[in-house]
Amino acid sequence: MEENKVVLCGASAYEMKYYYNEQFAGIPASIQEELHVLCVLFTEEVGGVFTIAFQEDGSVVLETDADEDDIYYDEISSGLMVNEVRRKRQELFESLSLYYRVFVLHEELADL
């Protein structure tokens, strides 16, 4: 992952682990749980590693990756799944972006 991104959360099908960045502990528990379920279900369905991160401008980016020797990982299916998640959870990602811009980048809410 590029250095100019801050990972919010992610899951790995290889290690069967979920990660949540404690820097964002202020996000409501219900949203944190929704992110947990989203990440874990994504990796169970597609495999590989799935992360949700913030770019420098506060926009949310969804990324998926896999080991080179992972014969079960399908790049086309993972891309389609990312697009589906982005479409179905658009409101969630817009809210997360707003949270990041206000509480991390300290932008004025009135300006947004």
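None of Val7, Val60, Val37 is touching a helix residue (DSSP H, G or I) at 6+ places or on another chain (Cβ under 7 Å), at pLDDT 95 or above, β-branched (Val, Ile, Thr) and open to solvent by 30 Å² or more (accessible area, probe 1.4 Å) except Val60. In the set (1) in contact with a Ser or Thr (Cβ under 8 Å, 6 or more places away or on another chain); (2) modelled with pLDDT of 95 or more, Val46 fails one condition alone, (2).
Residues that are more than 20 Å from Lys17 (Cβ to Cβ), surrounded by 14 or more Cβ atoms within 10 Å (Cβ to Cβ) and either among the acidic types (Asp, Glu) or touching an Asp or Glu at 6+ places or on another chain (Cβ under 8 Å) (or both): does the range 44-55 have at least one? No, the range 44-55 contains no residue that is more than 20 Å from Lys17 (Cβ to Cβ), surrounded by 14 or more Cβ atoms within 10 Å (Cβ to Cβ) and either among the acidic types (Asp, Glu) or touching an Asp or Glu at 6+ places or on another chain (Cβ under 8 Å) (or both). Taking the conditions exactly as written (touching a Leu at 6+ places or on another chain (Cβ under 6 Å) and within 27 Å of Leu105 (Cβ to Cβ)), does Val61 satisfy them or not? Considered against the rule, which asks whether it is touching a Leu at 6+ places or on another chain (Cβ under 6 Å) and within 27 Å of Leu105 (Cβ to Cβ), Val61 comes out as no.
Only one entry in Leu98, Leu62 is closer than 14 Å to Leu8 by Cβ and assigned to a helix (DSSP H, G or I), namely Leu98.
The values are calculated or read from the model by the stated rules, or taken from the named source; none is laboratory data. Predicted model only: the values in this text are computed from it and were never measured. Here Cβ is always computed from backbone atoms with ideal geometry, including for glycine, and neighbour counts include all displayed protein chains. Remember, those area values only see protein heavy atoms, side chains included, never the ligands or the DNA or RNA. Shrake-Rupley method; radii C 1.70, N 1.55, O 1.52, S 1.80 Å.
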